[in-house]
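The values are calculated or read from the model by the stated rules, or taken from the named source; none is laboratory data. Computed from a prediction, not measured in an experiment: that's the story for all the values here. Note that each Cβ is placed from the backbone with ideal geometry, even for glycine, and that neighbours are counted across all protein chains shown.
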Amino acid sequence: MKATRIICVGAGLLLMLSLRAVPSPAFESRAGAAPVIQEAPAAAPEGGEVHPPALPPRQRVGVIVFLAWMWALVGVLLYFLRLKVREADRVFRTGFYDAHDAEGEEPRSP
Amino acid sequence: MGTIRGWLDDRLGIGEVSGFLTKKAVPLHSHTIWYYTGSSILLFLGIQVVTGVMLALYYKPTIEGANASVARIITEVPLGWLIRSVHSWSASAMIALVLVHMLSIAFIKAYRKPREATWLTGVLLLAASMAFGFTGYLLPWDSLSLAATKVGTDFPKAVPLVGPLAAKVLRGGEDVTGDTISRFFITHVCILPLLIFAILGLHLFLVQRHGMSLPLERDAREEKPGWLPFWPNFIMRETGVWLVLFGAVITLAIFAAPSLGPAADIMAPAPAGIKPEWYFLFMFQTLKLFPSRIAGLNGEQVAVMSMLAGLALVFVLPFIDNRPTERKGRVVSWLVLAAFVYAIAMTVWSLL
């Protein structure tokens, strides 16, 4: 049993090493894609101002869609918040908190 | 879920905090709307921290790298232009709200006894917010920010005795250089955040300690006001306000993203049309109005000392107007209104 385990681990290690040794295009492409660290800062803009990049039409539409989605989400959330506020106010008006006050707990502030 | 909550409650005392929030009451009256300004400032402070950390990942506080790294953030980093724009708009919104918050406090005389210390910490928070704006303005290191910082760091020189030394400490030398960038950067991302969170902690503690103030007419009538539980009634209303403000800042940031000027050249002459951020414009315009000599004294010195005296008056306002709460204090209200109108007029004049 112990010998089988040793053989399996050994075979696994051998397979890994052999894979690394084989000149594989996958490894080569990964090595080629490794990021090159640039120590020098990017060229400073000379002359005119730097503006945010003009978005291609597709991305511009994407931004508009995002804004529309965001405001729609804000609207929906505000609607649900309004319902929750009404419910919380109703609970408050029923004297739920006064019941606590009657037990000797005064609301803090003002 | 209940087990996790119980475990956290045993160690952190969450139950006590939620108990505190449910017992906290918010006065309900015609001026309750002003209470939302305080919490909205916290929203923008949170946005500043998040976007600021994201920008700091790419920013290089050196004379060679500052402008180039901001240009890279705008043009190369994915959504970098948006993060920078949100940071810029959120900073303006935060300072505008701090000013509105302070004006509301001044008009309803909420600085009077026993809330003097709350006012003092509030003024310090305003100063810290403006210091954030001032130090952040130089960081893009474009020709306009360099010139405006030169003018801004020249201000302290007009103060007798300590002025020149203060200017030297601010700049890290005789002039605005690369040392000033690193000095401003460390102040912007390290010293000021520590300071603002410490003062904010004290400010919030004092607000809890003394409770939210009531308008004068309520106090005068000794009428028991209506109230609203902070949790959940008030916090849900606040969440609604936060959502709208957040949406407004994102929309502004998308449609009016700030650009970046050409890299600053220390040896180049100051460009035309130097302007600081909008919240310093009234001081900038005031300084321009003063003649070079006033009754034999240096005009700039008189202007700077007058402005410092004005700021000192704002700081010690609770000790000047320390009358009982039932007095309306119309003179103070008119003076505050006059100062507000003056600041608006000077800002508009400077923009024209």
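So, restricting to helices (runs of 4 or more DSSP H) that lie completely within segment B:1-64, which ones have at least 1 residues that are touching a residue at least 60 places away in the same chain (Cβ under 8 Å)? Can you show your working first?
On the way: elements: B:2-12, B:14-23, B:35-56.
Ranges flagged: B:14-23, B:35-56.
Each row is one residue, and each column tells you yes or no for (1) surrounded by 18 or more Cβ atoms within 10 Å (Cβ to Cβ); (2) modelled with pLDDT of 90 or more; (3) of a type in the set (S, T, N, Q).
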position	(1), (2), (3)
B:ARG5	no, no, no
B:GLY13	no, no, no
B:LEU28	no, no, no
B:GLY46	no, yes, no
B:GLY52	yes, yes, no
B:THR62	no, yes, yes
B:ALA71	yes, yes, no
B:GLY80	yes, yes, no
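Among the residues examined, B:TYR35 does not qualify as within 14 Å of another protein chain (Cβ to nearest Cβ), over 22 Å from B:VAL241 (Cβ atoms) and either surrounded by 15 or more Cβ atoms within 10 Å (Cβ to Cβ) or of a type in the set (Val, Ile, Thr) (or both). Within segment A:80-95, the set of residues being closer than 15 Å to B:ALA25 by Cβ, at the interface with chain B (Cβ under 7 Å from one of its Cβ atoms) and either loosely packed, with under 11 Cβ neighbours inside 10 Å or of a type in the set (A, V, I, L, M) (or both) comprises just one member, A:ALA88.
Can you tell me how many residues in segment A:44-79 are within 7 Å of another protein chain (Cβ to nearest Cβ) and either of a type in the set (S, T, N, Q) or outside any strand (DSSP E or B) (or both)? So that I can check it myself, show each step before the final result.
Quick first cut of segment A:44-79, residues within 7 Å of another protein chain (Cβ to nearest Cβ) only: A:44-53, A:63, A:67, A:70-71, A:74, A:77-78.
Now restrict to residues that are either of a type in the set (S, T, N, Q) or outside any strand (DSSP E or B) (or both): A:44-49, A:51-53, A:63, A:67, A:70-71, A:74, A:77-78.
Residues meeting the conditions: 16.
Scanning segment B:297-352 for residues that are within 20 Å of the chain's Cα centre (by Cα) and not in a helix (DSSP H, G or I) yields one hit, B:VAL316.
The set of residues from segment B:129-169 being of a type in the set (Asp, Glu) and under 18 Å from B:PRO61 (Cα atoms) comprises just one member, B:ASP142.
Scanning segment B:65-103 for residues that are without any contact (Cβ under 8 Å) to a residue 60 or more places away in the chain, β-branched (Val, Ile, Thr) and either in contact with a Gly (Cβ under 7 Å, 6 or more places away or on another chain) or more than 14 Å from every other protein chain (Cβ to nearest Cβ) (or both) yields B:ILE73, B:VAL98.
Checking each residue of segment B:170-178 against the condition of being of a type in the set (Ser, Thr, Tyr) and either closer than 20 Å to B:LEU97 by Cβ or away from chain A (no Cβ under 14 Å) (or both) gives at least one match.
Quick check on this structure: which one of B:LEU252, B:LEU204, B:LEU192, B:LEU214 is within 14 Å of chain A (Cβ to nearest Cβ), outside any loop (DSSP other than H, G, I, E, B) and in contact (Cβ under 8 Å) with a residue 40 or more places away in the chain?
Details: B:LEU204 fails: in contact (Cβ under 8 Å) with a residue 40 or more places away in the chain; B:LEU192 fails: within 14 Å of chain A (Cβ to nearest Cβ); B:LEU214 fails: outside any loop (DSSP other than H, G, I, E, B).
After ruling out the rest, the residue left standing is B:LEU252.
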